[in-house]
Amino acid sequence: MIDAYDVLIAGSGAAGLTAALNLAASKRVAVIAKGRLSEGATGWAQGGIAAVLEDGDSFEAHVHDTMIAGAGLNDLGIVEHVVGEAPRAIERLAELGVPFNAGDGSERWHLTREGGHSHRRIVHVADATGWAVQQALEKAAVEHPNITLVPDMVAIDLVTGRHAADFSTSGAVHGLYAFSRETRQVETIVARATILATGGAGRAYLYSTAPRGATGDGIAMAWRAGCRVSNMEFMQFHPTCLYNLEIKNFLITEAVRGEGGLLINPRSGKRFMPDYDERAELAPRDIVARAIDSEIKRDGLDFVHLDISHREPAFVKEHFPNIHEKLLGLGIDITREPIPVVPAQHYTCGGVVVDRHGCTDAPGLYAAGEVTQSGLHGANRLASNSLLECLVFGEAAAKHIDAHWGSLPEPPAIRPWDESRVTDLDEEVVIQQSWGEIRRFMWNFVGIVRTTKRLERARNRVDLLRREVAGYYRDFRVTPDLIELRNLVEVADLIIRSALSRHESRGLHYTLDYPEIAAEAVDTVLVP
Ligand code: FAD
Ligand code: SIN
């Protein structure tokens, strides 16, 4: 079946829905999501959104903090642009009904603090900001007659000139092939402009705070369609994920440290962050994550402690109601005792190369949000700059599409998906096995601290898996699991190749073989 829209957006998180809402006045827009609409990382965001809103704070300070966290690899022009747009982006969310916590006295909103920020700068909705943002954007999208929301539709690949009925060789993008979980058929959705807003690739790692669907689909699809991918070695590890044998991906927001939470070595009972950095618990994430990793490895620990129990119980419950309740259910009262935490993969700093309008290398293809490498984050993302990036680039892509509508390529006749030479996958177990293998070797060999030898081991394994998965994809009918596995192998390969090519330690990429930072900051850019 072939569907046609003016604009097709893959992804219903902050980036995708922001783009849709900014286009819907003049365009017919479809937004697809591979599961439920609210299942992306946006709904899981805890801490909040960074913007200069406090007296005494300045755009220069926010830019400076972003560049320091990013270890100088950021694109200064993009950082200035995004930081400058932040207050307006927050205002628009407030207009859509996001109930940001009110400030006391003269301040309109309560601003919390997170690592790497020199000021209180984070607007939030208690400790569940992302859920409030997701709900407000979804409500506005549902109510708009020009937006069609399509959950349970798993994009497989971008439709390009190669898929045209006349086999044109144009590199332009004309939509997507996607697997409908409802009909179990592959559908062709064509559009004059396509926006990838598919989020990150955190599930390439065994331990990740990211949702199940963060398998790097957009990055892999854009790469296969001929777009450059950049800085994939910079995988961010959040320092404080709950350590629990049952629940492996529950984040303890950085705002806990922002409001005074201390990191303690459970064996010595000693606070350790001041030994590693003068900013102690509020150093940028890469530094805190490496410090925890080092304590754990040196003392053979399973976890370290994060302790906020010295603050008033009423304060803790008011600021962190969801974390308090969740952990109480697991037998930990955070107003009285410390929380066991470990680092876990959290954010994908690299991705599809875009300019400030969200344009990719392929005509007709845009990208926004965590799927991109926009130049904002550099070698390490500053906390709470990510939702901001989604809002700014979602809107920028929409504006560019509107302004350049006449020059966007009209979709040609497209060949439907061909299933004539495939059969049903006979052994699901091979998919599960391969998925588990990737996540384990990525965690062990391409983690917080790297060496060339470990990266080469990972590369050998990924080469083998690539051949196997290419075989499954050629011979069997696609399923959502196979689609994700194919993308995971692709992004794992991109991460390993990028990491091997960086001969220095910068930001999130730390290797024992090249412990120094190079004099010049240069992006890793992979060209298909
Ligand atoms: P997402 O919100 O992840 O949405 C991705 C969308 O793409 C989903 O709808 C998904 O279904 C869809 N999709 C993916 N693949 C396909 C496919 N093949 N076919 C169709 N659809 C597809 N950032 C902050 O700034 N502040 C915070 O406080 C914060 N807290 C966080 C807490 C947690 C636990 C996590 C995991 C992240 C946090 N982040 C935070 C990061 C931030 O939430 C994400 O970077 C951001 O929400 C990404 O938004 P997005 O729109 O790019 O993608
Ligand atoms: C957090 O709340 O610690 C996450 C913030 C972020 O990832 O930006």
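Kirkwood Rh over alpha-carbon pairs of region 450-528, then Stokes-Einstein at 4 °C and 1.567 mPa s: what D in µm² s⁻¹, rounded to an integer? Could you put the intermediate results ahead of the total?
Values: Rh = 14.2 Å.
D = 91 µm²/s.
Obtain the nm distance between the two label points defined at Arg415 and Lys139 by a simple spin-label model: each point lies 7 Å from its Cα along the Cα-to-C-beta direction.
4.8
In what order do His377, His163 fall by count of nearby beta-carbon atoms within 10 Å, going from fewest to most? Display every interim value, and only then the final one.
Details: His377 33, His163 23.
Neighbour counts put them in this order, fewest first: His163, His377.
Give the residue from Pro411, Asn146, Ala396 lying farthest towards the positive end of the charge dipole for the chain; charges sit on Cβ (+1 for Lys and Arg, -1 for Asp and Glu) and the dipole is referred to the Cα centre.
The listed residue farthest towards the positive side: Pro411.
Using θ = phi - 60° and the Karplus form 6.51 cos²θ - 1.76 cosθ + 1.60, what ³J(HN,Hα) does each residue of region 40-48 get, whole Hz, x for Gly and Pro?
After applying 6.51 cos²θ - 1.76 cosθ + 1.60, I find x, 5, 3, x, 9, 4, 10, x, x Hz.
Give the whole-number value, in cubic angstrom per residue, of the convex hull volume spanned by the C-alpha atoms of region 293-418. If you can, show how the numbers build up before the last one.
Details: hull volume 27.7 nm³, N = 126.
Output value, Cα hull per residue: 220 Å³.
Mind listing the Cα extents of region 42-177 along all three principal axes, in Å, largest one first?
64, 39, 21
Region 237-291: which GluC sites (Glu not before Pro) are DSSP loop and have at most 13 other beta-carbon atoms within 10 angstrom? Could the numbers behind the result be given before it?
On the way: sites: Glu246, Glu254, Glu259, Glu278, Glu281; in loops: Glu246, Glu254, Glu259, Glu278.
Passing sites in region 237-291 are Glu246, Glu278.
For region 426-455, which GluC sites (Glu not before Pro) are in a loop by DSSP, counting at most 15 other Cβ atoms within 10 Å?
Hits after loop and neighbour filter: Glu427.
Can you pull the semi-axes for region 437-483, root of five times each eigenvalue of the Cα gyration tensor, sorted largest first, whole Å?
26, 12, 5
By the scheme Lys and Arg +1, Asp and Glu -1, what is the net charge of all other residues having a beta-carbon under 12 Å from that of Ser12? It would help to have the intermediate numbers written out before the result.
Working: positive: Lys34, Arg36; negative: Glu39, Glu138, Asp152.
After counting each charged neighbour, the total is -1.
Using the Cα centre of region 433-477 as the reference point, and only Cβ charges (+1 on K/R, -1 on D/E), how large is the resulting charge dipole? Debye, rounded to the nearest 20. Kindly include the intermediate steps, with their values, before the conclusion.
Working: 12 positive and 5 negative charges, 29 e Å.
In debye, rounded to 20, region 433-477 gives about 140.
May I ask you to compute the full-extension gain from Arg267 to Arg440, defined as 0.36 nm times their residue separation minus their alpha-carbon distance, rounded to one decimal in nm? Please report the intermediate quantities before stating the final value.
On the way: separation 173, 0.36 × 173 = 62.28 nm, distance 2.74 nm.
Gain in length upon complete extension: 59.5 nm.
Let me spell out the model: positive unit charges on the Cβ of Lys and Arg, negative unit charges on the Cβ of Asp and Glu, origin at the Cα centre of the chain. What dipole size does that give, in debye rounded to 20?
Details: 54 positive and 71 negative charges, 187 e Å.
That gives the chain a dipole magnitude of about 900 debye.
Rounded to whole Hz and in sequence order, give me ³J(HN,Hα) for region 304-312 from the Karplus expression 6.51 cos²θ - 1.76 cosθ + 1.60, θ = phi - 60°, writing x for Gly and Pro.
For region 304-312, the Karplus curve yields 10, 9, 10, 10, 10, 5, 6, 8, 4 Hz.
Would you work out the relative contact order for the chain, in percent, from Cα pairs under 8 angstrom that are 6 or more residues apart?
Working: 1214 pairs, mean separation 112.7, N = 528.
Here the relative contact order equals 21 percent.
How far apart, in nanometres, would the label points at Ser170 and Leu96 be if each is projected 7 angstrom from Cα along the Cα-to-Cβ direction?
3.2
Can you give the direction-averaged projected area of the convex hull of the alpha-carbon atoms in the chain, in nm²? Mind showing how you got there, number by number?
Details: hull surface 94.9 nm².
It is 23.7 nm².
If N is the number of residues in region 368-480, what value comes out of its Cα radius of gyration divided by 2.2 N^0.38 Å?
On the way: Rg = 20.5 Å, N = 113, 2.2 N^0.38 = 13.3 Å.
Expressed relative to 2.2 N^0.38 Å, the Cα Rg reads 1.54.
Extending each Cα 7 Å along its Cβ direction at Asp424 and His503, get the distance between those two points in nm, one decimal.
5.3
When the Debye formula is applied to the Cα atoms of region 1-41, each taken as the same point scatterer, what base-10 log of I(q)/I(0) results at q = 0.17, 0.24 Å⁻¹?
-0.44, -0.78
Can you sort Ser208, Ser170, Ser434 from fewest to most other Cβ atoms within 10 Å of each residue's own Cβ? Each step should come with its number before you reach the end.
Values: Ser208 27, Ser170 15, Ser434 21.
So the residues, fewest neighbours to most, are Ser170, Ser434, Ser208.
What order do you get for His357, His324 when you list them from fewest to most C-beta neighbours inside 10 Å?
Values: His357 16, His324 20.
Exposure proxy ranking, most exposed first: His357, His324.
How big is the gap, in Å, between the Cα center of region 281-320 and the Cα center of region 52-116?
Answer, in whole Å: 24.
Given 37 °C and 0.692 mPa s, how large is the Stokes-Einstein diffusion coefficient of region 99-166 in µm²/s, with Rh as the Kirkwood radius over Cα pairs?
Details: Rh = 16.2 Å.
The diffusion coefficient I find is 203 µm²/s.
For a distance above 13 Å, tell me the whole-number percent of Cα pairs in region 408-452 that qualify. Kindly include the intermediate steps, with their values, before the conclusion.
Working: 734 of 990 pairs.
Percentage above 13 Å: 74.
Region 461-523 to region 391-457: how many Å between their Cα centroids?
12
Taking 0.36 nm per residue of separation and subtracting the Cα-Cα distance, what length does fully extending Ser180 through Arg108 add?
Working: separation 72, 0.36 × 72 = 25.92 nm, distance 4.46 nm.
Once the chain is fully extended between Ser180 and Arg108, it gains 21.5 nm.
Please report, for the Cα atoms of region 211-361, the Rg to one decimal and the Dmax as a whole number; what are they, in angstrom?
My reading of the Cα-based Rg and Dmax gives 18.1, 55 Å.
With θ set to phi - 60° and the Karplus curve 6.51 cos²θ - 1.76 cosθ + 1.60, what are the ³J(HN,Hα) couplings of region 63-71 in order, to the nearest whole Hz, using x for Gly and Pro?
Coupling constants for region 63-71: 4, 4, 4, 5, 5, 5, 4, x, 6 Hz.
Mind jotting down a quarter of the surface of the convex hull over the alpha carbons of region 135-223, in square nanometres, one decimal?
7.7
Dipole magnitude of region 84-218 about its Cα centre, charges +1 at Lys/Arg Cβ and -1 at Asp/Glu Cβ only, in debye to the nearest 20? Walk me through the numbers before you get to the answer.
On the way: 13 positive and 15 negative charges, 47 e Å.
I would put it at about 220 debye.
Quick check on the chain: of the DSSP beta bridges with both residues there, what percent are antiparallel, nearest 5%? Present the calculation step by step, with values, prior to reporting the outcome.
Details: 38 of 62 bridges.
So the antiparallel bridges in the chain amount to around 60 percent.
Every read-out reported here was derived from the displayed coordinates using simple, explicitly stated rules and does not represent laboratory data. Keep in mind the model is a prediction, meaning the values are calculated, not measured. Here the Cβ is made from the backbone with ideal geometry for all residues, glycine too, and neighbour counts use every protein chain on show.
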